[in-house]
Amino acid sequence: MPRPPRPVALLALAVSAFGIGTTEFVMMGLLPNVADDLDTSVPTAGYLVSAYAIGVVIGAPLLTALGSRIPRKRMLLLLMALFTVGNLASALAPGFGWLVAGRVLAGLPHGAFFGVGAVVAARLVADGRQARAVATMFLGLTVANIVGVPAATLLGQHLGWRATFLVVAVIGLVAMAALARLVPYVPTDTRQSVGRELRTLGNRQVLLGLLTAVFGFAGVFAVYSYLASMTTEVMGFGESSVTLVLALFGIGMTLGALAAGPLTDRALRPTLYGSLGALAVVLLAFDYTVHVQWAALVTVVVLGAVGFMTTTPLQMLVMNKAKDAPTLASASNHSAFNLANAGGAWLGGMAITAGWGWMSPTLVGAVLAAAGLAIAVTAGLLDRAPAPSRSRVVAGGAVNREPVRDTVA
């Protein structure tokens, strides 16, 4: 029997994603401020982006495994509590090293939260609408980039970056209240075990999906990590315009997320191929459009759209291919995204440090996006073996037999 929609519960997940997205992406806008306050360079401060990502990479498999037997609503609350503590620790950090530690702590619950949250979101809607439900949760991330990140960046510029992380900690408390009030009880799958979940990661298609995320999404972060500096050093805008540019990127992300849900439900792999190919092209174009202010702003919007359009098809791909043990694979996908975050920020910073200029990360990003596309196409070709039907995950543990819709016709 079809499950009725639960838009209010999805809203609670989106509010949580808003808080997580704000703390993840706000560091890009605060890098110059943090660098000045802690007496370091912008590329070195960029390690704070990588520190959060490392926390995600470590925490996603570890916390998912530890919480495999915990009811999913309770697990979401525990993860959001850890997120809140991590942001409070960042706000109170006495020096750069302590801030790095705080960022790692805040990142630990990220992947596990979205891994569990994606499975919960899929359980709350009717069959055939799972990608839309997951995309709705991810809308919290995109709205964070329209409202949360620009507002938090502006706050950090006027009251100091510590005030930003105090506010994010408060958002974490609000998200906990929303989860407690609005998300229904969702039990764990009685068949679920750490061993069963780990075995799913050996699936070739899951591994290729994770590798696609690592390379493809790194292309976004190679540029986004240094977008604030590009705004002031190359585009010719003042520091006050950084929040506007970040908001435009967030608008693009939201447009990409809104398009990704129905497109992924309709044709998963073509959506993935198209978004990665477009990402490589836009990154190359940015090196030219950046010198004309209006064209640069348009490119920022398009970059956010095509970059974020990759997330929903990749999330659904690993959940589908993980069959009846999708939680760890879903969480590991966020580890992959944040390996992309860390790797993209690091490679982009290396290009700048090497003296290649503030726009050199665009070329780095284009190469990474092209590599992700090549891996995705390879995975699609390997997945075209004829079969009458395949197991497709529709909700944490349930398997539905239906014709494959995620391969190229």
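The values are calculated or read from the model by the stated rules, or taken from the named source; none is laboratory data. In this text the structure is predicted, and so the values were computed from the model without any measurement. Here Cβ is always computed from backbone atoms with ideal geometry, including for glycine, and neighbour counts include all displayed protein chains. Side chains are part of the model used for accessible areas, which takes the heavy atoms of the whole protein and leaves out ligands, DNA and RNA. Shrake-Rupley method; radii C 1.70, N 1.55, O 1.52, S 1.80 Å.
Points worth noting:
- Any hit, the range 269-283, residues being assigned to a helix (DSSP H, G or I), farther than 24 Å from V377 by Cα, small (G, A, S) and modelled with pLDDT of 90 or more: no
- In the set (1) at pLDDT 90 or above; (2) open to solvent by 50 Å² or more (accessible area, probe 1.4 Å); (3) under 18 Å from the mean Cα position of the chain (by Cα), L347 fails one condition alone, (3).
- Pick from the range 118-145, criterion among the basic types (K, R) and at pLDDT 75 or above, ranking: nearest to L31 (Cα to Cα): R132
- When we screen L328, L381 for residues that are surrounded by 22 or more Cβ atoms within 10 Å (Cβ to Cβ) and either part of a helix (DSSP H, G or I) or in contact with a helix residue (DSSP H, G or I) (Cβ under 8 Å, 6 or more places away or on another chain) (or both), the only hit is L328.
- Annotation note: of P313, P361, P386, the sole residue that is at pLDDT below 80 and either in a strand (DSSP E or B) or over 22 Å from L62 (Cα atoms) (or both) is P386.
- Per the conditions (1) in a helix (DSSP H, G or I); (2) modelled with pLDDT of 90 or more; (3) among the hydrophobic types (A, V, I, L, M, F, W, C), the sole criterion not satisfied by L246 is (2).
- Residues being closer than 13 Å to Y224 by Cα, touching a residue at least 24 places away in the same chain (Cβ under 8 Å) and open to solvent by 10 Å² or more (accessible area, probe 1.4 Å) - total across the range 283-305: 3
- Only a single item in (1) assigned to a helix (DSSP H, G or I); (2) touching a residue at least 40 places away in the same chain (Cβ under 8 Å) is not met by F237, and it is number (1).
- Some residue of the range 129-143 being in contact with a strand residue (DSSP E or B) (Cβ under 9 Å, 6 or more places away or on another chain) and in a helix (DSSP H, G or I): yes
- Answer from L139, L63, L108 - the residue that is over 16 Å from the mean Cα position of the chain (by Cα), farther than 17 Å from L317 by Cα and not polar (S, T, N, Q): L63
- Residues satisfying the stated conditions in the range 261-282, i.e. among the hydrophobic types (A, V, I, L, M, F, W, C), within 21 Å of F114 (Cα to Cα) and surrounded by 24 or more Cβ atoms within 10 Å (Cβ to Cβ): L272
- For L108, the stated conditions do not hold, so it cannot be described as touching a residue at least 24 places away in the same chain (Cβ under 8 Å) and closer than 20 Å to G256 by Cα.
- Residue among G115, G107, G148, G111 that alone is modelled with pLDDT of 90 or more and crowded, with 23+ Cβ neighbours inside 10 Å: G107
- Selection within the range 203-228 - open to solvent by 10 Å² or more (accessible area, probe 1.4 Å) and within 16 Å of S50 (Cβ to Cβ): V214, F217
- Scanning the range 55-71 for residues that are at pLDDT 85 or above, aliphatic (A, V, I, L, M) and either surrounded by 20 or more Cβ atoms within 10 Å (Cβ to Cβ) or under 19 Å from S90 (Cβ atoms) (or both) returns V56, I58, L63.
Condition check ((1) at pLDDT 95 or above; (2) more than 22 Å from A163 (Cα to Cα); (3) over 16 Å from the mean Cα position of the chain (by Cα)) across all residues:
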{"position": "L76", "(1), (2), (3)": "no, yes, yes"}
{"position": "F83", "(1), (2), (3)": "yes, no, no"}
{"position": "G95", "(1), (2), (3)": "no, no, yes"}
{"position": "V100", "(1), (2), (3)": "no, no, yes"}
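- Residues in the range 260-319 that are closer than 21 Å to G140 by Cβ and among the small types (G, A, S): A260, G261, S275, G304, A305, G307.
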